[in-house]
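As structure tokens, the structure follows; a few thoughts come after it.
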Amino acid sequence: METKLKLIRDDNVNLILENVGSETKPPLEPEQGIPKQWLPKFFRKMVQVICLPLVLLDFYAQKVARLIVRPPFKRVGQCKRRGNCCHYVVMKKSKGLMGVLEKFWATQINGFYFRNEKPVTYQEKQVYVMGCRYLQKDGSCGNYKLRPMICRQWPVIAHFGWPNILKGCGYEAKKTKVYYKMQGKS
């Protein structure tokens, strides 16, 4: 895969997102550089700290739900700190006021920036492809304690459907007893 893609187009987003896990070099930043956030840092951090209990409540409620309703896969392994999952964060496009609020929250509070302003089609959905401004050169997160929910849940091991894990990130999805029961095998 070519790492010097300047623009994520609708016809190459599937290729990029499927192969990003095996990339060894980070992609280029946008031509104009990573855009500056216009919301003051103090205000951004204050909102993140105020929202942190709600984020953690949601996170742990989901963990409890996994104990009650077991998913067919479980996450095994450990993050290799390559940062590939932070270069291409996918956010579903919403319409209307909710879409405007989600874009504001993603860019001004969570610290993402658009790799391409226009939404693209990925897995039959309109999505925005974003990067994270908190990713450091060593692959670690510069905002780890206040990271958003999308980062806390990564890699995605859904209750229904297939896991969403990048190749080479260090994590794997291991089939559980629930998977075999769903397949009719004991």
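The values are calculated or read from the model by the stated rules, or taken from the named source; none is laboratory data. Keep in mind it's a predicted model, so treat the numbers as computed, not measured. Every residue, glycine among them, receives a Cβ derived from its backbone with ideal geometry; neighbour counts consider all protein chains shown.
Annotations
- Residue match in region 88-103 (condition: at pLDDT below 85 and of a type outside the set (Phe, Trp, Tyr)): no
- One residue from GLY111, GLY21 being in contact with a Gly (Cβ under 7 Å, 6 or more places away or on another chain) and of a type in the set (Gly, Ala, Ser): GLY21
- Taken over region 30-63, residues that are among the polar types (S, T, N, Q) and not in a helix (DSSP H, G or I) amount to 2.
- Region 128-175, residues that are loosely packed, with under 15 Cβ neighbours inside 10 Å and among the β-branched types (Val, Ile, Thr): VAL156
- With respect to (1) out of contact with any strand residue (DSSP E or B) (no Cβ under 6 Å at 6 or more places or on another chain); (2) not in a strand (DSSP E or B), the lone exception for ALA106 is condition (1).
- The one condition in (1) in contact with a helix residue (DSSP H, G or I) (Cβ under 8 Å, 6 or more places away or on another chain); (2) more than 25 Å from PRO30 (Cβ to Cβ) that VAL89 fails to fulfil: (2)
- The listed residue being under 15 Å from MET130 (Cα atoms), of a type outside the set (Ser, Thr, Tyr), touching a Ser or Thr at 6+ places or on another chain (Cβ under 9 Å) and surrounded by 17 or more Cβ atoms within 10 Å (Cβ to Cβ), out of GLY111, GLY83: GLY83
- Members of region 135-186 found to be of a type in the set (D, E, K, R), outside any loop (DSSP other than H, G, I, E, B) and over 17 Å from ASN84 (Cβ atoms), listed by number: LYS145, ARG152, LYS174, LYS175, LYS177, LYS181
- For region 34-71, the tally of residues that are surrounded by 10 or more Cβ atoms within 10 Å (Cβ to Cβ), within 22 Å of TYR134 (Cα to Cα) and in contact (Cβ under 8 Å) with a residue 60 or more places away in the chain stands at 12.
- Residues of region 75-103 satisfying the condition of being in contact (Cβ under 8 Å) with a residue 12 or more places away in the chain and in a loop (DSSP other than H, G, I, E, B): GLN78, CYS79, LYS80, ARG81, ARG82, GLY83, TYR88, LYS93
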